[in-house]
1. Given a Förster distance of 41 Å, report the FRET efficiency between Asp86 and Asp23 from their Cβ-Cβ distance, rounded to the nearest 0.05.
2. Could you tell me what percent of the accessible area of segment 88-131 is made up of carbon and sulfur, with a 1.4 Å probe and every protein chain present?
3. Given a Förster distance of 41 Å, report the FRET efficiency between His139 and His57 from their Cβ-Cβ distance, rounded to the nearest 0.05.
4. Principal axis lengths of segment 90-156 from Cα atoms, whole Å, largest first?
5. Please give the Cα centre distance for segment 102-126 versus segment 150-171, rounded to the nearest Å.
6. Which order, highest average first, do 88-97, 203-212 follow once you tally other Cβ atoms within 10 Å for each residue and take the mean per peptide?
7. Using every Cα-Cα pair within segment 38-140, state what percent have a distance larger than 18 Å.
8. For a Förster distance of 22 Å, can you work out the FRET efficiency between the beta-carbons of Asp199 and Ala16, rounded to the nearest 0.05?
Amino acid sequence: MGVGFGYNTTQLKELAIGALLHDIGKLSADKEAPEYKKNSMKNHHTWKGFDILRKKHEMSIVSAHVPLQHHEWVDGTGVPRGLGGDEIHEFAKIVAICNYYDNLISPFSEEKETLPPYEACERIMGFAEKRFDHKMVIHFLRSIALYPIGTSLRLSTGEVGVVIDQNRGLPARPVVRIIRREQQSNRRIADDHEICDIDLGAEPTIFITGVLE
């Protein structure tokens, strides 16, 4: 996403460090400091992460704002400070989306269910202009694959195939490889078959109708 926004090398480094360490505050968030009241937002892992990184002189203060703000929502209902809109740093907006997506598709997260990528993206699109910046959602969807390589799909043609490639900027329209077998007159499947690659980005009349387990 950072590359897509045209960030320079320094900005990409700041974003990457902030993203990799966005939950570092969880290492100490449960160890309540004496000056903090129990359940205080000052003891939230976002504040803890900010405090850890801002004291590291070799790290940019911009990177430190990613842990601090990655649970702030654009409609002002997030934590720890209830910031909204342009009050939230762009890097934190990026990490907020990526963090939520990772939680949705990971079986090791605290989410109630693990979703396939295309369903996770539907969930994210539903939060546009609520939790997440609409512009960021668009760039996120351009940066990931709704149907990762190796996913088995059923097409509107009735054929079943496997995703072998992606179309950049068109995450819902991958390249699908199918095997077409000819049938003999006795209806037994013949040995001859044809491998056909269908680029859904170039085939607007063919649609994905299902994902196979």
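The values are calculated or read from the model by the stated rules, or taken from the named source; none is laboratory data. Because the structure is predicted, anything quoted here is derived from the model rather than measured. Using ideal geometry, Cβ is built from the backbone for each residue, glycine included, and neighbour counts are taken over all protein chains shown. Only protein heavy atoms, including side chains, enter the accessible area calculation; ligands, DNA and RNA are left aside. Shrake-Rupley method; radii C 1.70, N 1.55, O 1.52, S 1.80 Å.
1. That pair, Asp86 with Asp23, gives E of 0.95.
2. Reported share for carbon and sulfur atoms: 49 percent.
3. Here the calculated transfer efficiency is 0.80.
4. The Cα atoms of segment 90-156 stretch 36, 28, 18 Å along their principal axes.
5. Computed from Cα coordinates, the inter-centre distance equals 20 Å.
6. My ranking of the peptides, most packed first, is 88-97, 203-212.
7. Taking all Cα-Cα pairs of segment 38-140, the fraction more than 18 Å apart is 51 percent.
8. The formula returns an efficiency of 0.10 here.
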